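Right, one structure below, let's go through it.
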Amino acid sequence: MMLEVGTKAPAFELPDQNGQTHTLEEYRGRKVVLYFYPKDNTPGCTKQACGFGERYPQFTEKGAVVIGVSKDSVASHKKFEEKYGLPFPLLSDPELTCIQAYDVWKEKNMYGRKTMGVVRTTYLIDEEGIIIRAFGKVKAAENPAQMLEEL
């Protein structure tokens, strides 16, 4: 289950790769592409982040902001950002507060072993803080272009 379209997006307050705190409220008046991913510097997550990075000017032209969230540390996010030149905030949520609020912390089956982890999910939030689109189990390489089309 994901959060429902038409519901208010849960508030968050998390640090980015530079230690700067971000809240959903500060993006009021802009569309927000909020994407949750499992881990920095893994093949799928790198494809997804770089895809958003390459298209970032198109997102800003459409008045949208892109924000990535994982449970990785601020330091890990900083290395990831620098390695790939990512132009958007990567929020660190090691306590899983935002990850759980957006219902993306799930049991996963990895090679027959059950583990808990982030299910790659992207939400599109409107200017008023309402979820207008929700995509679960997204394909990392396709998600950035898909989200651009949604705008």
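The values are calculated or read from the model by the stated rules, or taken from the named source; none is laboratory data. Worth saying up front: this structure is predicted, and the values here are computed from it rather than measured. Using ideal geometry, Cβ is built from the backbone for each residue, glycine included, and neighbour counts are taken over all protein chains shown.
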Cβ-Cβ under 8 Å pairs, at least 6 apart or on other chains, the range 4-27 side among the hydrophobic types (A, V, I, L, M, F, W, C), far side part of a helix (DSSP H, G or I) and modelled with pLDDT of 95 or more:
11/25; 12/97; 12/98; 12/101; 14/97; 14/98
Quick check on the range 121-138. Is at least one of its residues modelled with pLDDT under 95, farther than 16 Å from residue 9 by Cα and either assigned to a strand (DSSP E or B) or among the aliphatic types (A, V, I, L, M) (or both)?
yes
Conditions (1) under 16 Å from residue 62 (Cα atoms); (2) without any contact (Cβ under 8 Å) to a residue 40 or more places away in the chain; (3) part of a helix (DSSP H, G or I); number of the one not met by residue 148
(2)
Given (1) touching a Cys at 6+ places or on another chain (Cβ under 9 Å); (2) touching a residue at least 40 places away in the same chain (Cβ under 8 Å); (3) not in a helix (DSSP H, G or I), index of the condition residue 68 fails
(2)
Given the criteria more than 19 Å from residue 146 (Cα to Cα), modelled with pLDDT of 95 or more and either of a type in the set (Lys, Arg) or assigned to a strand (DSSP E or B) (or both), does residue 47 qualify?
no
Which one of 87, 94 is more than 22 Å from residue 150 (Cβ to Cβ), of a type outside the set (Gly, Ala, Ser) and either in contact with an Asp or Glu (Cβ under 9 Å, 6 or more places away or on another chain) or assigned to a loop (DSSP other than H, G, I, E, B) (or both)?
94
So, in the range 21-41, exactly how many residues are surrounded by 14 or more Cβ atoms within 10 Å (Cβ to Cβ) and either aliphatic (A, V, I, L, M) or part of a loop (DSSP other than H, G, I, E, B) (or both)?
9
Small (Gly, Ala, Ser), buried (at least 21 other Cβ atoms within 10 Å of the Cβ) and touching a Leu at 6+ places or on another chain (Cβ under 9 Å) - does that describe any residue in the range 84-96?
yes
Filtered residue count, the range 106-145, keeping only those that are more than 13 Å from the chain's Cα centre (by Cα) and crowded, with 18+ Cβ neighbours inside 10 Å
1
